[in-house]
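FYI, it's all coordinate maths here, none of it is from the lab. Predicted model only: the values in this text are computed from it and were never measured. Neighbour counts are summed over all protein chains in view; Cβ atoms, including those assigned to glycine, are modelled from backbone coordinates with ideal geometry.
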Amino acid sequence: MSETTLVREVVVNNPEGLHARPAHQLVTKAGQFDAEIAISNGLEEVDGKSILSILTLAAVHGTQLSLRATGPDAEDALAALVELFDQGFAHRS
């Protein structure tokens, strides 16, 4: 049985970049899925479920990132993560 791997490109569009609060949101959302999640800035690839790893990317506003998910729920995981980026990590009540 082969694992599904999908990749989506996103841009950090919130003015503060991918700092602690949005990184926490990203890790929390990624943790809801069984898929392995990786985030790459083109130079470095990190574990998308590790806040410290994500922070090492130093992704400022405008940074293009690749999100890669591998596993049975890869499509759902990427859709949820892309939505966070599209919303600029805005909190919704």
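Looking at the range 12-19, can you tell me whether even one residue there is surrounded by 13 or more Cβ atoms within 10 Å (Cβ to Cβ), in a helix (DSSP H, G or I) and small (Gly, Ala, Ser)? Walk me through how you get there before you give the answer.
Looking only at the range 12-19, we keep the residues that are surrounded by 13 or more Cβ atoms within 10 Å (Cβ to Cβ), and these are 12-14, 16-19.
Among the residues that remain, those that are also in a helix (DSSP H, G or I) are: none.
Checked against the condition, which is being surrounded by 13 or more Cβ atoms within 10 Å (Cβ to Cβ), in a helix (DSSP H, G or I) and small (Gly, Ala, Ser), the range 12-19 yields no hits at all.
Residues checked against (1) without any contact (Cβ under 8 Å) to a residue 60 or more places away in the chain; (2) more than 12 Å from residue 89 (Cβ to Cβ):
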| position | (1), (2) |
| --- | --- |
| 8 | no, yes |
| 12 | no, no |
| 17 | yes, no |
| 45 | yes, yes |
| 49 | yes, yes |
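Filtering the range 20-43 down to residues that are without any contact (Cβ under 8 Å) to a residue 40 or more places away in the chain and assigned to a strand (DSSP E or B), which residue is surrounded by the most Cβ atoms within 10 Å (Cβ to Cβ)?
Result: 39.
So which of 6, 57, 65, 78 ends up being part of a helix (DSSP H, G or I), in contact with a strand residue (DSSP E or B) (Cβ under 9 Å, 6 or more places away or on another chain) and not acidic (Asp, Glu)? Give the steps one after another, and end with the answer.
Working: 6 fails: part of a helix (DSSP H, G or I); 57 fails: part of a helix (DSSP H, G or I); 65 fails: part of a helix (DSSP H, G or I).
Among 6, 57, 65, 78, only 78 is part of a helix (DSSP H, G or I), in contact with a strand residue (DSSP E or B) (Cβ under 9 Å, 6 or more places away or on another chain) and not acidic (Asp, Glu).
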